[in-house]
Amino acid sequence: MFDRLLIATGIALALSTPLQIQAAPQDNTTALNAFNPEVSLILQGAYLDRLGGERHVTGFVPTGEHGHDVRGLALNHTELVFAANVDPYTRGFVNLAVADEAVEIEESWFQSLGLGHGFTVRGGRFLSGIGYQNERHPHQWDFANNGLMHSVLFGEHLVQDGLQLRWLAPTELFMEFGSEVAKGQFFPGSELGADKSGAATWAAFVHLGGDVSTSHSWRGGISYLHAEPAQRASIVDDFNDIEALTDFSGTSKTWLADFVWKWAPNGNSSQRNFTFLTEYFLRDEAGDLACDDNTLDGGLCTGLTDRYSSEQSGWYAQGVYQFMPAWRTGLRYDRLDSGSVNFNANNAVFEQTNYDPTRWSVMTDYSPSEFSRFRLQFARDQSMRDEPDNQWTLQYSLSIGPHGSHKF
Amino acid sequence: MKLFLSAFLAVLVLAMPTAQAALNVLTCEPEWAALTQELAGDLAKVSSATTALQDPHHIEARPALLAKARRADLLICTGAELEIGWLPLLQREAGNGNIQPGQSGYFEAARFARIIERPTTLDRAQGDVHATGNPHLHLDPHNIAQVAEALAKRLAEIDPSNAERYVERNRDFQVRWAAAIGRWEEQAAGLKGVPVVVHHKNWSYLADWLGLVVISDLEPKPGVEPSAAHLAALMGTLKSKPAKMVLRSAYQSPKPSQWLASRVGIAAVELPYTVGGSTQATDLFSLYDDTLRRLKESAQ
């Protein structure tokens, strides 16, 4: 019901747009680029030194997405970005992730420009506004890889095919309220769960923020994500260390809390600045878990379906300090809590671990200009029980063309 | 939960403010806040997104600014790509239809000023060049006069009930400003032809107006931090072509200009650059007064 209401509200607002806009423009203001649309390319690549084999986070069901973990020298995907105002009422944005034999639509959305009264509607495929890090593309990350809990929950991002409505309150304090309805085919949703009229996933978030003085500013928020996967497939190792294909149907609820604090002397970040960021995630899943018979492979699954419930959490905190122009260094700590997982009848098949995965990462990066960045990162990764790893990453990220500004 | 959210949404839509008192003006830089103050007085509530201690190229569309842009009736910026790193985001994310490009609630000063240093070729290898020319246009007082004319018209347009008062205040401002320009040009006659080194190309308009001769920049390319190698090369240049002083703004690091100035035995001069850049520069008039005073002291 709620999702339908939101869709209706969004459409109604989108249709009322022209009322806010005066048809005749006042003057020709400077465009971001003389060409239409703005086109830019993000080039990314890395050298990664890590243990071989597939790495997974102990105690957590994998999302099935493996992004930036290719060993050795690797070209990460190249992003092709198109953006332009469609007309005075709407802006369009497309981000294509290009890799060998594959083009993935990372984002493709329209956004209202002149609804007014603090409302903004976005529709299409977009990065969900939940939390802080989710909306940021890899070239905007402060570290070579994503936070551990973030990759466990969403892979690289939570991508939504749907509609987002945001409202900014007319107050001195920054107060943003947002909600999203989406098809919900991506993890933690599933293809089958998304195969319905209406929406299988919805999200809501509130962000508050402001300045403490000219030198300090902050933003904090709380988000909620509700997904209804059906037969969501995951491969999990059983007690015999044999891969078992499971599928989960039920509800998946995720709570996120995020807080970012930025400091720059007199608000002038060009010489020195510091950013502290932390996010907390709590996921609660309940439903039925089926486990495909793998006894022929020596596994323990007998094809039984029974109730499944889990409550797992994790957080990270990081600080990034620019100590002189072009140079930054940062430290990040990730910690996950395997929490409680109950497979009921399948408890004999899968282990309920109390292992808490952790990871320390330290990085230094150099940006000769705002269009290029080179980074060296070391991580002590203890996310996989009995297989701790020391990981080195050397990475570049370059942008060609009019590159849009980044969010706070 | 759902009921609460829907009810909340409904209340918000109904509770939109309908009437307001003073015009809510947000400016990108302090000079436009000062100019609005001259033209609108207490008819407007003015605040600036940046201070004189911040580099107008590089700030973020942070939450506090979004909250301000959300409530602005008029957004006044320099344009000419000066704020390209943050202004488009501020406009798009504020949920305020009035301040979008092309709307009457968005005013771009560069549209009404004389722009110099338009590049003939565009290549990022040239550093942070602006396709539409040098955006630091407020340091030519004739530009201020032109922008004031256009801004007064715009204020009258979006606040028609007070239209006459804006016309009146602008007329008064133009008279005072023209008199001040006459005075400054007289005071600064001795500065004509004085050779200077500048930290960044943000002194081009001032140099152009006063006839200062810019020998070189501390930045090897616009927007690129001064490097040791470049400063050393600059010392060589200054041997054959000596300069009187090195100019920097309050928001730039004093280190490079002080380093160079002490080695070649000239003055490193910090100028306010905009309103608030020194304790003396409290409005547009005192900004120019203080700038000229500092220049003349160092030129002697």
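Taking the listed residues B:Tyr273, B:Tyr288, B:Tyr251, the one that is in contact with a Phe, Trp or Tyr (Cβ under 8 Å, 6 or more places away or on another chain) and assigned to a helix (DSSP H, G or I) is B:Tyr288, with no other qualifying. When A:Lys196 is tested against the conditions (1) in a loop (DSSP other than H, G, I, E, B); (2) of a type outside the set (Ser, Thr, Tyr); (3) within 22 Å of A:Leu282 (Cα to Cα), the lone failure is (3).
Counting the residues of the range A:251-285 that are in contact with a His (Cβ under 6 Å, 6 or more places away or on another chain) and closer than 30 Å to B:Leu53 by Cβ gives 2.
So for the range B:205-217 (the condition being in a loop (DSSP other than H, G, I, E, B) and closer than 23 Å to B:Thr279 by Cβ), does at least one residue qualify? Within the range B:205-217 (the criterion being in a loop (DSSP other than H, G, I, E, B) and closer than 23 Å to B:Thr279 by Cβ), the answer is no, since none of the residues qualifies.
Residues satisfying the criterion are present in the range A:251-270 (criterion: under 30 Å from B:Glu225 (Cβ atoms), of a type in the set (A, V, I, L, M), crowded, with 16+ Cβ neighbours inside 10 Å and within 14 Å of another protein chain (Cβ to nearest Cβ)).
Evaluation of B:Gln258 against the conditions (1) touching a strand residue (DSSP E or B) at 6+ places or on another chain (Cβ under 7 Å); (2) surrounded by fewer than 16 Cβ atoms within 10 Å (Cβ to Cβ); (3) under 25 Å from B:Gln187 (Cα atoms) shows that the sole unmet condition is (3).
Of the residues examined, B:Ala163 is one that is at pLDDT 95 or above and surrounded by fewer than 19 Cβ atoms within 10 Å (Cβ to Cβ).
Taken over the range B:49-60, the criterion of being among the small types (Gly, Ala, Ser) and modelled with pLDDT under 95 is satisfied by no residue. Within the range A:246-272, the set of residues being outside any strand (DSSP E or B) and of a type in the set (A, V, I, L, M) comprises A:Ala264 only. Can you name every residue in the range A:195-250 that is among the aromatic types (Phe, Trp, Tyr), crowded, with 20+ Cβ neighbours inside 10 Å and closer than 30 Å to A:Thr295 by Cβ? Answer for the range A:195-250, where residues must be among the aromatic types (Phe, Trp, Tyr), crowded, with 20+ Cβ neighbours inside 10 Å and closer than 30 Å to A:Thr295 by Cβ: just A:Phe248.
All told, A:Ala204 meets the bar of being touching a helix residue (DSSP H, G or I) at 6+ places or on another chain (Cβ under 9 Å), of a type outside the set (S, T, N, Q) and at pLDDT 95 or above. Taking the conditions (1) touching a Gly at 6+ places or on another chain (Cβ under 8 Å); (2) modelled with pLDDT of 95 or more; (3) among the small types (Gly, Ala, Ser) in turn, A:Ser234 satisfies each one other than (2). Residues that are basic (Lys, Arg) and either over 20 Å from A:Gly220 (Cα atoms) or touching a strand residue (DSSP E or B) at 6+ places or on another chain (Cβ under 8 Å) (or both) number at least 2 in the following strands (runs of 3 or more DSSP E) confined to the range A:67-158: A:119-127. A Cβ distance below 6 Å, combined with a sequence gap of six or more or placement on separate chains, defines the contacts here; from the range B:91-115, residues that are farther than 20 Å from A:Gly116 by Cα and within 7 Å of another protein chain (Cβ to nearest Cβ) reach residues that are assigned to a loop (DSSP other than H, G, I, E, B) and among the charged types (D, E, K, R) in the pairs B:Arg111/A:Asp27. Residues in the range A:170-184 that are assigned to a loop (DSSP other than H, G, I, E, B) and either among the acidic types (Asp, Glu) or under 15 Å from the mean Cα position of the chain (by Cα) (or both) were compared, and the one that is farthest from the other protein chains (Cβ to nearest Cβ) is A:Gly184. Keeping to the range A:73-107, report how many residues are away from every other protein chain (no Cβ under 14 Å), touching a residue at least 40 places away in the same chain (Cβ under 8 Å) and in contact with a Phe, Trp or Tyr (Cβ under 6 Å, 6 or more places away or on another chain). Result for the range A:73-107: 1. Of the candidates B:Ala69, B:Ala125, the single residue that is within 27 Å of A:His403 (Cβ to Cβ), modelled with pLDDT under 95 and in a helix (DSSP H, G or I) is B:Ala125. All conditions in (1) within 14 Å of another protein chain (Cβ to nearest Cβ); (2) closer than 30 Å to A:Asp297 by Cα; (3) not small (Gly, Ala, Ser) hold for A:Trp167, with the sole exception of (2). No other residue among A:Glu101, A:Glu135, A:Glu107 is among the charged types (D, E, K, R) and within 22 Å of A:Thr275 (Cα to Cα) apart from A:Glu135.
The values are calculated or read from the model by the stated rules, or taken from the named source; none is laboratory data. None of these values were measured; they are calculated from a predicted model. Ideal geometry is used to build each Cβ from the backbone, glycine not excepted, and the neighbour counts take in all protein chains shown.
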